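A.B. asks: The structure under discussion is supplied below as structure tokens; questions concerning it will follow.
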Amino acid sequence: MEQLQIDQMLEEKGFIDETIDPSVKLAEEIKRLKKEKNAVILSHFYVDGPLQDIADYVGDSLGLAQAAAETDAEMIVFVGVHFMAETAKIINPNKKVILPDLKASCSLAESAPADKFAAFKAQYPDHKVVTYINATAALKTMSDIVCTSANAAKIVESFPKDQKLIFAPDKNLGNYINSITGRSMVLWDGACMVHEQYSVEKIVELMDQYPDAEFIAHPECEKPVLLLAKHIGSTTALLNYVQKSEAKKFIVATESGILHQMTKACPDKTFIPAPSNDSTCACNDCSYMKLNSLQKLYVCLKHEQPEVSLPMDVIEKAQVPIKRMLDISK
């Protein structure tokens, strides 16, 4: 396939649309190419199970950032969404970072356009900016520190009590952190489309149906949902919780991909995805995460495309708040 064709496909589709011989054993070929190219495959909990199983590391945003910082591989293959690959590139400016589909974006990251956030920030000149990692590289350049759902409280508490803060882009996570830290951070009005879809009424009905099940939730969910939860935490914290809990059934309010790891870790337990407002859609699935596939991963590794690149000035500015987060989270 010629480079011109590849470039056209990436522009039109975001990935290389290549016919694959049905006899090709994708998992074996991916492992072979990974070894041949000295690549590491990093996967988020929210992609499909077979992709998680083939990865060198599976985790949440904090763990993935730490893994990206520690790898000695020459190439990073990020099986997740675009902001995650950007973060890996910021941490490793001299490494090639590739993503199976460039159009694997994030509704939360998209909810905070850089120009609008810059105008918002200008209204609060005496505030420091804490930015959730689910944001574009451009937003990170305007931040004092980055956080993830796993370390957000710790990051916020690292500032003096009298320091005024802006938290962006997730208002739900920001509200939750305000509630447990006693802060009154100014919140950008952004949210994740998956975590805002849960129905309180249907969750209550499900809890009545399964009275022995524990309801657990990600802090990106809205406050009425969180008030019902037995445990609130990042994807890693939720995974750790179900392994330690004596309960045998769980209703889980976060993206459905985590159920794969929960089932692997606890095959004797039952995991029920929390219901959404719209019963006609797969609203517990992130449509962007699900753009990743074994086929795209194979072609991506084969051609080392699509590549995620950023201007050096953006990398240098965004490195500062990310490094601060990694240092505090050691």
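Readers should treat all values here as calculations from the given coordinates under stated rules, not as data from a laboratory. No experiment lies behind these values; they were computed from the predicted model shown. All Cβ positions, even for glycine, are placed from backbone atoms using ideal geometry, and neighbour counts span all protein chains on display.
A.B. asks: In whole Å, how far is the Cα centre of the range 6-47 from that of the range 154-211?
C.D. replies: First find each Cα centre; the distance between them is then 36 Å.
A.B. asks: Quick one: Karplus J couplings for the range 3-18, per residue in order, coefficients 6.51, -1.76, 1.60, θ = phi - 60°, nearest Hz, x for Gly and Pro?
C.D. replies: So the Karplus estimates, Gly and Pro as x, are 4, 4, 4, 4, 4, 5, 5, 5, 5, 7, 10, x, 8, 8, 8, 10 Hz.
A.B. asks: Express in whole angstrom the spacing between the alpha-carbon centres of the range 104-153 and the range 221-294.
C.D. replies: The distance from the Cα centre of the range 104-153 to that of the range 221-294 comes to 25 Å.
A.B. asks: As a test, work out the antiparallel percent of DSSP beta bridges whose residues both lie in the chain, rounded to the nearest 5.
C.D. replies: On the way: 2 of 34 bridges.
Close to 5 percent.
A.B. asks: Using alpha carbons only, what's the Rg to Rh ratio of the range 156-268 with Rh from Kirkwood? Provide the component values of the computation, followed by the final result.
C.D. replies: On the way: Rg = 15.4 Å, Rh = 15.2 Å.
Over the Cα atoms of the range 156-268, Rg/Rh equals 1.01.
A.B. asks: For residue 170, what residues show an amide H to amide H distance below 5 Å, using hydrogens built from the backbone and excluding near sequence neighbours?
C.D. replies: 132
A.B. asks: While we're on this one: In the range 82-153, which trypsin sites (Lys or Arg not before Pro) are in a loop and have at most 15 other Cβ atoms within 10 Å, using DSSP for the loop call?
C.D. replies: Numbers: sites: 89, 95, 96, 103, 116, 121, 128, 140; in loops: 95, 103.
Passing both the DSSP loop test and the Cβ count: 103.
A.B. asks: With θ set to phi - 60°, apply the Karplus curve 6.51 cos²θ - 1.76 cosθ + 1.60 along the range 243-254 and write out the HN-Hα couplings as whole Hz, x wherever there is a Gly or Pro.
C.D. replies: 6, 8, 5, 7, 5, 10, 10, 9, 9, 10, 9, 6
A.B. asks: Using modelled backbone amide H atoms (1.01 Å from N, in-plane), which distant-in-sequence or interchain residues come within less than 5 Å of residue 57's amide H?
C.D. replies: 41, 43
A.B. asks: At 10 °C and 1.306 mPa s, grab the translational diffusion coefficient of the chain from Stokes-Einstein with a Kirkwood Rh over Cα pairs, rounded to a whole number in µm² per second. Each step should come with its number before you reach the end.
C.D. replies: Values: Rh = 20.5 Å.
So the translational diffusion coefficient is about 77 µm²/s.
A.B. asks: With an 8 Å cut-off on Cα pairs and a minimum separation of 6 or more residues, tell me the relative contact order of the chain in percent.
C.D. replies: Numbers: 622 pairs, mean separation 74.4, N = 330.
Computed over the chain, the figure is 23 percent.
A.B. asks: Please tell me the relative contact order of the range 25-96 in percent, rounded to the nearest whole number, where contacts are Cα pairs under 8 Å and at least six residues apart.
C.D. replies: Values: 94 pairs, mean separation 22.4, N = 72.
Normalised by residue count, the contact order of the range 25-96 is 31 percent.
A.B. asks: Relative contact order of the range 105-202: what whole-number percent is it, with Cα pairs under 8 angstrom and at least 6 residues apart?
C.D. replies: Numbers: 142 pairs, mean separation 29.3, N = 98.
It rounds to 30 percent for the range 105-202.
A.B. asks: Something else about it: Using only the Cα atoms of the range 52-96, what are the Rg and Dmax in Å?
C.D. replies: Gyration radius and largest Cα-Cα distance of the range 52-96: 9.6, 27 Å.
A.B. asks: Moving to a separate point now. So how much slack lies between residue 202 and residue 163, counting 0.36 nm per residue of separation and subtracting their Cα-Cα distance, in nm? Could you put the intermediate results ahead of the total?
C.D. replies: Working: separation 39, 0.36 × 39 = 14.04 nm, distance 4.00 nm.
Length difference between fully extended and current span is 10.0 nm.
A.B. asks: Across all directions of projection, what mean area in square nanometres is found for the Cα convex hull of the range 290-330?
C.D. replies: Answer in nm², one decimal: 4.8.
A.B. asks: Something else about it: Using modelled backbone amide H atoms (1.01 Å from N, in-plane), which distant-in-sequence or interchain residues come within less than 5 Å of residue 272's amide H?
C.D. replies: 250, 251, 252
A.B. asks: Which links in 161/317; 95/323; 34/302; 121/171 stretch past 20 Å when you go from one Cα to the other?
C.D. replies: Details: 161/317 26 Å; 95/323 17 Å; 34/302 9 Å; 121/171 15 Å.
Violating the 20 Å limit, Cα to Cα: 161/317.
A.B. asks: When only alpha-carbon atoms count, how far does the range 190-330 stretch along each of its three principal axes, as whole angstroms with the largest first?
C.D. replies: For the range 190-330, the Cα extents along the three principal axes come out at 54, 38, 30 Å.
A.B. asks: Same structure, new question: Which peptide among 304-312, 55-63 comes first, and what is the full order, when sorted by highest mean count of other Cβ atoms within 10 Å?
C.D. replies: Details: 304-312: 16.3, 55-63: 21.1.
Going from most to least packed, we get 55-63, 304-312.
A.B. asks: Residue by residue through the range 298-312, which ³J(HN,Hα) values in whole Hz follow from phi under the Karplus form 6.51 cos²θ - 1.76 cosθ + 1.60 (θ = phi - 60°), with glycine and proline marked x?
C.D. replies: Each residue's phi maps through the Karplus curve to give 4, 5, 4, 5, 4, 9, 6, 8, x, 9, 9, 10, 9, x, 4 Hz.
A.B. asks: From the Cα gyration tensor of the range 259-313, with a ≥ b ≥ c the square roots of its eigenvalues, which class applies: rounded if a/c is under 1.5, or else prolate if a/b is larger than b/c, or else oblate? All intermediate terms of the calculation are to be shown ahead of the outcome.
C.D. replies: Values: a/c = 2.50, a/b = 1.80, b/c = 1.39.
Taking the square roots of the gyration eigenvalues as a ≥ b ≥ c, the range 259-313 is prolate.
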